[in-house]
Amino acid sequence: MKRLGFIGVGMMGKPMAKNLLKAGYELTVLDLNAAAVEELVSEGAVRAGHPVEVMSQCEAVITMLPGSADVEQVVLGTQGLLSAIRNEQVVIDMSTIDPMVSKQLAQEIKSAGGQMIDAPVSGGETGAINGTLTIMVGGPAAVLDRCREVLSVMGNKLIHAGNEAGMGGKVKLVNNMITGISMIATSEAFLTGLKAGLSMETIVEVVGTSSGNTWVL
């Protein structure tokens, strides 16, 4: 796959798209943020006006959007991806959305003759810029194999979470749950220490070099 679409070029999507351009992929981009699109066009991307236009020009389309409703609109809405999808074209949704929505969209796309995997990421903006994201993939192994080269440009660790779209999202939510709990525990522990008269600097120095140290800290 050399002709790719990228819908959603925000904080994460824009650097991911840039890495694909640097790797030599032909890229058609779409976003509500005209400035982000213009920046990518200046680096060689092609601007599109609607999802259907992206799908009609590309072999695979990557979506990196804020939530479930956004992905549903891009896929199923008026002039959505589904209205132009052809046999064996692939939708790679890298958003973090409801896994059940991913599963439903994959079924709709399969009925139209296409294929879909969900591939949410971890690693933040820095990982997106450096191409070192962890990518969790849900969907048939054969579809992942088709997309592996593309995904490897954006991440250095690909994990196949299961043979059904939505499995990538499920394992991402497990990770997010642990992160959220760690945030709560860290905040409560720090507050307890401050109320007991400790300084922030003392707490950070001790916890940062002890068993309480975490990515959250």
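What's the extension gain from Gln73 to Thr179 if we count 0.36 nm per residue and subtract their Cα-Cα distance?
Gain on extension, Gln73 to Thr179, equals 35.2 nm.
In the chain, what percent of the accessible surface is made up of carbon and sulfur (1.4 Å probe, ligands and nucleic acids excluded)?
Carbon and sulfur together cover 56 percent of it.
Under a crude label model (7 Å from the Cα following the beta-carbon direction), how far is Val216 from Thr132 in nanometres?
2.3
For Lys157, what accessible surface area do you get with a 1.4 Å probe? Give it in Å², rounded to 10.
110
Would you look at the GNM of the chain, springs on alpha carbons closer than 10 Å, and say which of Ile85, Ile159, Ile109 moves the most?
Ile159
Enter the Cα centre distance for the pair region 72-92 and region 181-205, rounded to the nearest angstrom.
Taking the Cα centre of region 181-205 as reference, the centre of region 72-92 is 48 Å away.
Starting from a Cα-only point model with no solvent, please compute log10 I(q)/I(0) by Debye for region 142-217 at q = 0.13, 0.15, 0.17 1/Å.
Ignoring solvent entirely, the Cα scatterers give -0.61, -0.69, -0.76.
Mind giving me the FRET efficiency for Asn33 and Ala196? R0 is 41 Å, r the Cβ-Cβ distance, nearest 0.05 is fine.
0.35
Over the chain, calculate the relative contact order: mean separation of alpha carbon pairs under 8 Å at least 6 apart, over the residue count, as a percent.
In percent, rounded to a whole number, it is 15.
By a straight-distance test (C-alpha under 30 Å), which lysines pair with Lys103 as possible cross-link partners, with residues fewer than eight away in the same chain excluded?
Within reach: Lys2, Lys14, Lys18, Lys157, Lys170, Lys172.
At 27 angstrom or more along the helix axis (alpha-carbon based) and mean Kyte-Doolittle of -0.5 or higher, what helices does the chain contain? Whole DSSP H runs only.
Long hydrophobic helices here: 167-195.
If you average 1/r across every pair of different Cα atoms in region 1-76 and take the reciprocal, what Kirkwood value do you get, in Å?
Radius from the Kirkwood sum: 12.0 Å.
Ignoring ligands and nucleic acids, what accessible area does Thr202 show with a 1.4 Å probe (Å², nearest 10)?
Looks like 60 Å² after rounding.
Counting pairs of Cα atoms in the chain, how many percent are more than 20 Å apart?
In whole percent, the long-distance tail amounts to 59.
Comparing Ala36, Ala17, Ala196, which has the greatest mean-square fluctuation in the GNM of the chain with Cα pairs linked when under 10 Å apart?
Highest fluctuation among the options: Ala196.
The values are calculated or read from the model by the stated rules, or taken from the named source; none is laboratory data. For clarity, every value in this text was computed on a predicted model and none was experimentally measured. Positions of Cβ are generated from backbone atoms using ideal geometry, with glycine treated the same way; all protein chains shown enter the neighbour counts. Ligands, DNA and RNA are stripped out before the accessible areas are found, and what is left, the full protein with its side chains, is counted by its heavy atoms. Shrake-Rupley method; radii C 1.70, N 1.55, O 1.52, S 1.80 Å.
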